[in-house]
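Take a look at the structure set out below.
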Amino acid sequence: MGSPTKCEISEDVSAQPRSIGRRYEAVLRLSEALSQCREPEELTGILSDQLREFLEFLQFYIIVYKENSTEVEWAVVGREKSLVAGYADVPVEQRPSWQAYSTQEPFHIHDWNTDERVPAPLKEGIAAQGLDVGPLVFVPLTTPHRRLGALGMSGPHGTAYASDDIAFLRLIGRIVAFAIDDNFNLRQAEAARAELPRQNEKLQRSERELRDVIETIPSMAWSAAADGAAEFFNRRWLDYAGLTADQAQGWGRTTAVHPDDLKVLVEYWQEMLASGKPGEIEGRLRRFDGEYRWFFFRATPAFDESGKVVKWYGTNTDIELRKKAEQILAVQNTRLQLLLKLTNQITSNLEFREVLRAISASIRELMHCDLVHISLPDAASGKFRVHALDFPESRGFVKEELLITPAGVANPTQAIAGIAGAGVRTARKYAHPQSERSAHSRHQLRS
């Protein structure tokens, strides 16, 4: 065979720039075609149409991984759908696509059947699908923002991919990566736009449901700003207080608080605002008709991501019946204690007058009155004689052994117990026993 002529060498050299130029023209056409692509499944078809003139191949493969994960987000394998089943039992880290993705370098298998880098389970899985693979090349799909996955190309037996073919495929990989990234962003934006009305409707429905719950719960609910100024009251709260929302907002709600409780409640609320901790306290609120009822106040703060209080939520629960029950129980307990005390005093003291004095003192303590006396009939005078007196502020005006004629006593053989409250203070102005008698006789207990 003779040496090539000068003319033949010149034609071969001039053909290389033309081939390279056509490849770059194909890159431009490919970029334009990929920009119109909207579905991932179309990508391999576009690659096949645009690159068949320059590369000998059987099929293109695109594998995209989830960010910072070994999980495949999606994959396009063209007409070789059964290829996915061949990969199913092979760990991701052993797959050729992962090698290119993880190393960010091309992964080139010259011959599928003889290359020892291909795991045996993978060869067996591909063979079981009836696929006949010769050479295989995977290049990374990467943008300046993130790693996406890998682009693969398989060829028939006997095909050899040169370094310039792999470099060209790597360039294609960059273009495909940008197209995929743009496609992701576009699809995400379109999905977000489509989802926005649904999310708004869902949010509005949730707000309506929440408001329905707030308006129907058997409690008076409210919210306040971080500084404690009230912003919202449910209808139950406003109807109870007889106030409008504008009247109650800010610090207007304090007009419904009982004057005797206002100072304590305000001071406690200010302590909660300063500490940023939840709290609870009892107090009285005025109803629309002017009646005050007892309530249990509870408030809880809401925080932002930095731990700063941004809002307060609270409820007021009517406990009027509970307070009345507590008061009744307290009176009953006090009376029981009095009976026990009297029983102990009577059984431990044999002196009659001292027993009566102890009884008088106990009764005055229980009933919170000014004066208690126990008088017994006096046979000589036909009146009653004071045998026991508990009157700490008498100043000598009223004494034991005093003879009195209580009003309304039908049987002179009965003993009486006299109880006097504030009216006794009027009697202190007079030394005359008759004046004293008229004051304390308004409250009597017959015994």
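Applying the Karplus relation 6.51 cos²θ - 1.76 cosθ + 1.60 with θ = phi - 60° to region 352-369 yields 3J(HN,Hα) values of 4, 5, 5, 4, 5, 5, 5, 5, 4, 5, 5, 5, 4, 5, 5, 8, 6, 10 Hz, where x marks Gly and Pro. Taking every protein chain into account, the 1.4 Å probe leaves residue 212 with about 90 Å² of accessible area, to the nearest ten.
The 1.4 Å probe gives accessible areas that order 131, 329, largest first, as 329, 131.
Add +1 for every Lys or Arg and -1 for every Asp or Glu among the other residues with Cβ under 15 Å from the Cβ of residue 102, and state the total. Intermediate results must be reported in sequence, preceding the final value.
Numbers: positive: 66, 95, 117, 146, 147; negative: 67, 71, 93, 105.
Counting the neighbours of residue 102, the net charge comes to +1.
From Cα pairs below 8 angstrom and at least 6 apart in sequence, can you work out the relative contact order of region 168-262, rounded to a whole percent? For region 168-262, the relative contact order is 15 percent. 3J(HN,Hα) along region 126-131, derived from phi through the Karplus expression 6.51 cos²θ - 1.76 cosθ + 1.60 where θ = phi - 60°, amounts to 5, 5, 5, 8, x, 8 Hz, with x in place of Gly and Pro. Accessible surface of region 203-317, 1.4 Å probe: 54 percent of it comes from carbon and sulfur atoms.
Annotation: extensible slack from residue 159 through residue 117 equals 13.2 nm (criterion: 0.36 nm per residue apart, minus Cα-Cα distance). With the simple spin-label model, which puts each label point 7 Å out from Cα in the Cβ direction, the residue 69 to residue 321 separation comes to 5.4 nm.
Taking Cα pairs under 8 Å and at least six residues apart, what relative contact order does region 223-285 come out at, in percent?
Rounded, it is 30 percent for region 223-285.
For region 257-313, applying the loop criterion from DSSP together with a ceiling of 14 other beta carbons within 10 Å to the chymotrypsin sites (Phe, Trp or Tyr not before Pro) yields 288. For 335, 146, the ranking by accessible surface with the largest value first comes to 335, 146, using a 1.4 Å probe.
Pop the C-beta distance of residue 393 and residue 270 into the FRET formula with R0 = 35 Å and round what comes out to the nearest 0.05.
0.30
Each label point was placed 7 Å from the Cα along the Cα-to-Cβ direction; for residue 36 and residue 254 their separation is 7.3 nm. Residues whose amide H falls under 5 Å from that of residue 149, counting only those 5 or more places apart or on a different chain, are 65, 141, with hydrogens built in the peptide plane.
The values are calculated or read from the model by the stated rules, or taken from the named source; none is laboratory data. Only a predicted model underlies this, so the values are computations on that prediction, with no experimental measurement involved. As a convention, Cβ positions derive from the backbone with ideal geometry for all residues, glycine included, and neighbour counts pool all protein chains shown. To get the accessible areas, we keep the full protein, side chains included, count just its heavy atoms, and leave off ligands, DNA and RNA. Shrake-Rupley method; radii C 1.70, N 1.55, O 1.52, S 1.80 Å.
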